[in-house]
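The values are calculated or read from the model by the stated rules, or taken from the named source; none is laboratory data. Everything quoted here is computed from the prediction, not taken from an experiment. For neighbour counting, all protein chains shown are included, and Cβ atoms are generated from backbone atoms with ideal geometry for every residue, glycine included. The area values use the complete protein model at the heavy-atom level, side chains included, leaving out ligands, DNA and RNA. Shrake-Rupley method; radii C 1.70, N 1.55, O 1.52, S 1.80 Å.
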Amino acid sequence: MSPPLRPTRRGALRLGAYGSALGAVGLTAGCGSAADAGDARALRIAQKSEPAGLDPHLESGLDGMNVLINIFDTLTMRDADNELAPRLATSWEAVDEHRWRFHLREDVVFHNGEAFDAKSVKFSIERLIDPATASTIVELRSVDHVEILDDHTVDIVMAEPDPVIPEKVSLFGGVMLPPGYLDEVGPDEFATRPVGTGPFRFVSWRKAQLLRLEANDEHWNGRPAFDELHFTAMPNAASALAGIQSDVVDMVSALDPEAALQLEGYKDVALAKYPGIRMYFVVLDTEHEILRDVRVRQALNHAVDVPLLIEAVLNDSGREAATIVPQEAFGYVPDIPPPARDQDLARRLLAEAGHPDGIELRFTSSNKDRLLCEALAGMLGDVGVTLDLELLEPGTFSERLESDDPSSLGSMYLTGSTGWTLDGGATLQSYIRSDRRRSRIRSTSADALMDTIEQTVDPDTRLAALQEMQQWLHDEAPFLFLYQADLDFATNGQITWEPNVNGTLAMETAR
């Protein structure tokens, strides 16, 4: 059953934040009467930033993909029930551990009239994995090449087994490009005048002002309801509120909880909340002289009252997490409880570990999460843990995340990870195995479990490994487990839309 709509104030509705029917109800129950641009019915969306460019192989940010997913189609997709569904591929199967076969939709054309076929798939995937492309999209790193069997059948051939290829081609890894057009105009011009097979065509882009798309009348899945789709970057809540109230935009996407709180109570602004899949946690350096003791790591988890954090800092916009695997992901174990919130137990564990007078740790984060970090510091301070907070500009923090110098992030750092493939391995892949850049774990047993999770095609074997891994995380506490963030949207109350669980703005279903 769909979560109920609950009134939060006069003139606004909020979606029930929990329940399994993710995205089963629209943002608002409006009539879809967004503003007209002349005779064109345009849906105008504000988000925090604009794309870096329009080449989907060079754009790994979610705000960029929100635009590109409307211009380009992928091989597979997630439907409103979060199930993996056909898109440009009608079906697929594992031939063996090193070969995935995809059967392609026929009679699909790119916006320039070029036919979509097996050559398009081979070109797109091999361009993505080619080191010369310099793509930051890593999901297809196990792919060796693509073989064409006929015009509408391809095999994705693996250098190493990968059980999640069908999921990985549902978004960043599965965007299909026109080889003929790209060869004709070159990559630089393609990045300014992109051509896909998607429900909207690119029209124009005035950077820092407006990116404009128009409906694709010939789309294989039918014409979208809106004639045009407009994207504008509005990085702060005040601009977003003014945009809705002055009829400049119709929808503001993915608001921070603080920003959503600012918008509550304003006339003509309707808020909607639905569960998201982004996990927030603190990575602990398990080789650190203090944090190598599992009792200390457990003490940190017992000291932090996550439900209170969610209520006080996040405006009730999240769900407490027991590990770092989202509840909607394949392999999630619902029977593993979050750590007990018990400061007395935390103090006892610290004393048993030889720290009766407390400890001091260096903590690094982006300054956009200042309120959360200060709340964490306060709760940990109550049990004798002093945090030396280093709050960095987002760009500087991102550089340190990608650095090969682990010490630049201190003994613990706050991070968020979105496992958009909806596979339990997605959020684990960068933080567990000892050879991964962001990992602070050195465990041969954890490495072996990750090998099974990442390389075994059999779902039952993978499921058992994912369950064992989550129990290991619960016992060893290599992270400070926090929460799974909800997504907040604001609209003018005139749009009906079924949001995708992965949080992308695929707007062909908007009315």
### Query
Solvent-accessible area per residue for the chain at a 1.4 Å probe radius, Å²?
40
### Query
What's the carbon and sulfur percent of region 437-511's accessible surface, probe 1.4 angstrom, rounded to a whole number?
46
### Task
Note down the nm distance, to one decimal, between modelled labels 7 Å out along Cα→Cβ at S398 and at E106.
4.4
### Query
Which ³J(HN,Hα) values, rounded to whole Hz and listed in residue order, are derived for region 384-390 from phi using the Karplus coefficients 6.51, -1.76 and 1.60 in 6.51 cos²θ - 1.76 cosθ + 1.60 with θ = phi - 60°, glycine and proline given as x?
x, 9, 9, 9, 8, 6, 10
## Note on the structure
So K207 and E498, fully extended at 0.36 nm per residue minus their Cα-Cα distance, gain in nm 101.9 nm
### Query
Using the Karplus equation 6.51 cos²θ - 1.76 cosθ + 1.60 (θ = phi - 60°), what ³J(HN,Hα) coupling, rounded to whole Hz, does each residue of region 86-101 give in order, writing x for Gly and Pro?
x, 9, 7, 9, 8, 6, 7, 7, 7, 6, 7, 5, 10, 8, 10, 9
### Taking all pairs of distinct alpha-carbon atoms in the chain, Kirkwood radius in angstrom
24.0
### Query
Can you give me the relative contact order of region 138-192 as a percent, contacts being Cα pairs under 8 Å and 6 or more apart?
27
### Task
Taking the Cα centre of region 177-222 as origin, work out the dipole magnitude from +1 charges on Lys and Arg Cβ and -1 charges on Asp and Glu Cβ, in debye rounded to 20.
320
### Task
Run through the DSSP bridge list for the chain and note the antiparallel percent, rounded to the nearest 5.
75
### Net +/- balance of residues flanking T396 in space, Cβ distance below 15 Å, scoring K and R +1, D and E -1
-3
### Query
At what distance in angstrom do the alpha carbon centres of region 464-490 and region 181-250 lie from each other?
35
### Query
Ordered by packing density, taken as the mean number of other Cβ atoms within 10 Å over each peptide's residues, highest first, how do 270-276, 167-173 rank?
167-173, 270-276
### Radius of gyration, Dmax [region 111-252; alpha carbons; angstrom]
18.1, 55
### Task
Take the Cβ-Cβ distance between E97 and D188 as r, set R0 to 35 Å, and report the resulting FRET efficiency rounded to the nearest 0.05.
0.35
### Task
Among G419, Q245, A134, flag the residue with its Cα farthest along the positive direction of the charge dipole of the chain, charges on Cβ as +1 for Lys/Arg and -1 for Asp/Glu.
Q245
### Query
Ignoring any ligand, DNA or RNA, what whole percent of the accessible area of region 286-341 comes from carbon and sulfur when the probe is 1.4 angstrom?
47
## Note on the structure
Treating only Lys and Arg (+1) and Asp and Glu (-1) as charged, each at its beta carbon, one finds that the chain has a dipole about its Cα centre, in Debye to the nearest 20, of 1420
### Summary
Amide H neighbours of F363 at under 5 Å, excluding residues fewer than 5 places away on the same chain, with H built from the backbone geometry, are D388, L389, E390
### Query
Per the 1.4 Å probe, what fraction of the accessible area of region 177-230, in percent, lies on carbon and sulfur atoms?
41
#### Entry: Relative contact order of region 352-453, defined on C-alpha pairs under 8 angstrom at six or more residues apart (%)
23
### Task
Mind checking which of A52, P356, S398 is farthest towards the positive end of the chain's charge dipole, using Cβ charges of +1 (Lys, Arg) and -1 (Asp, Glu) about the Cα centre?
P356
### Message
Not counting ligands, DNA or RNA, and with a 1.4 Å probe, what is R347's accessible surface area in Å² rounded to the nearest 10?
### Response
90
### Message
Just want the answer: with Cβ charges of +1 for Lys and Arg and -1 for Asp and Glu, which residue in P179, I165, L211 is farthest toward the dipole's positive end in region 138-264?
### Response
L211
### Message
Relative contact order of the chain, please, whole-number percent, based on alpha carbon pairs below 8 angstrom and at least 6 residues apart.
### Response
22
## Note on the structure
Listed by chain and number, the residues whose amide H is under 5 Å from that of F110, excluding neighbours fewer than 5 places away on the same chain and using placed H, are A115, F116
## Note on the structure
Taking Rh as the Kirkwood radius computed over alpha-carbon pairs of region 80-173 and applying Stokes-Einstein at 10 °C with viscosity 1.306 mPa s, one gets a diffusion coefficient in µm² s⁻¹ of 115
### Summary
Helix-only [θ] at 222 nm, the chain, -39500 (n - 2.57) per DSSP H run of 4+, per residue, nearest 500, equals -7500 deg cm²/dmol
